[in-house]
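Q: First the structure, then my questions, so here it is.
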Amino acid sequence: MKKIILASQSPRRKQLLEWAEISFEIMVSDADESFSNELNIKEVPVFIAKQKALAIKNKIANNHIIVAADTVVVLNNNIIGKPNNAEEAIEILSALSGKTHTVITGVVILDGEKEIAFADVTEVEFHTLTQEQIKFYVEKYKPYDKAGAYAIQEWIGVVGIKQIKGDFYNVMGLPVSRVVQTLQQL
């Protein structure tokens, strides 16, 4: 079987593939993650994932399978990025509080010249959070490397999420069962 390369530095994506007992190696992509405002929001994470996959493909032999992903959080048709500091994290979580937002993970799998690309969508509804809860979470967990300023598998997900519609693991950063099914088809 071909070697699988995960084009990601995300510890969550690494953990999910390990849980699925997929044998893989990690190569961190240095791809540009900017995108055109002309893209439909659902196309953005697929576009960025493709840039990550192609950056790795250009560095390695063609006999590997490359898996790349990117996750965006969308509220009111706006992509919410990663916060740069505590103030931005508090602002983002305050905006998400009591509302439903969308998490979209784009996945691109390259196998030689074959490319499989898809986006997985999960709806997440937060309870109304107090400022004390938000500040506690930001101070303790420092969610600066996370789209939407939170990780569903951390404290805020346990106490703050009212419901989700879709794949829980997609919110963590990788719709792992869909990825595994796709890899099995290859």
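Q: Out of I65, I60, I48, report the one residue that is part of a loop (DSSP other than H, G, I, E, B), surrounded by 12 or more Cβ atoms within 10 Å (Cβ to Cβ) and either touching a residue at least 60 places away in the same chain (Cβ under 8 Å) or of a type outside the set (S, T, Y) (or both).
A: So the residue among I65, I60, I48 that is part of a loop (DSSP other than H, G, I, E, B), surrounded by 12 or more Cβ atoms within 10 Å (Cβ to Cβ) and either touching a residue at least 60 places away in the same chain (Cβ under 8 Å) or of a type outside the set (S, T, Y) (or both) is I60.
Q: Can you tell me which residue within the stretch 16-29, out of those that are buried (at least 18 other Cβ atoms within 10 Å of the Cβ) and under 16 Å from the mean Cα position of the chain (by Cα), is nearest to M172 (Cα to Cα)?
A: L16
Q: Here's something else I'd like to know. Please go through the stretch 156-184 and give me each residue that is closer than 26 Å to I90 by Cβ, surrounded by 14 or more Cβ atoms within 10 Å (Cβ to Cβ) and aliphatic (A, V, I, L, M), ordered by number.
A: Scanning the stretch 156-184 gives I156, I161, I164, V171, M172.
Q: Quick check: is even one residue across the stretch 30-45 out of contact with any Phe, Trp or Tyr (no Cβ under 6 Å at 6 or more places or on another chain), surrounded by 18 or more Cβ atoms within 10 Å (Cβ to Cβ) and in contact (Cβ under 8 Å) with a residue 40 or more places away in the chain?
A: Looking through the stretch 30-45, at least one residue is out of contact with any Phe, Trp or Tyr (no Cβ under 6 Å at 6 or more places or on another chain), surrounded by 18 or more Cβ atoms within 10 Å (Cβ to Cβ) and in contact (Cβ under 8 Å) with a residue 40 or more places away in the chain.
Q: Next question. Which one of these does P83 not meet: (1) surrounded by fewer than 22 Cβ atoms within 10 Å (Cβ to Cβ); (2) under 27 Å from E132 (Cβ atoms); (3) touching a residue at least 24 places away in the same chain (Cβ under 8 Å)?
A: Condition not satisfied by P83: (1).
Each value in this text was obtained by applying a stated rule to the coordinates, not by laboratory testing. Quick caveat, the model's predicted, so the values are computed rather than measured. Cβ atoms come from the backbone with ideal geometry, glycine included; neighbour counts cover every protein chain shown.
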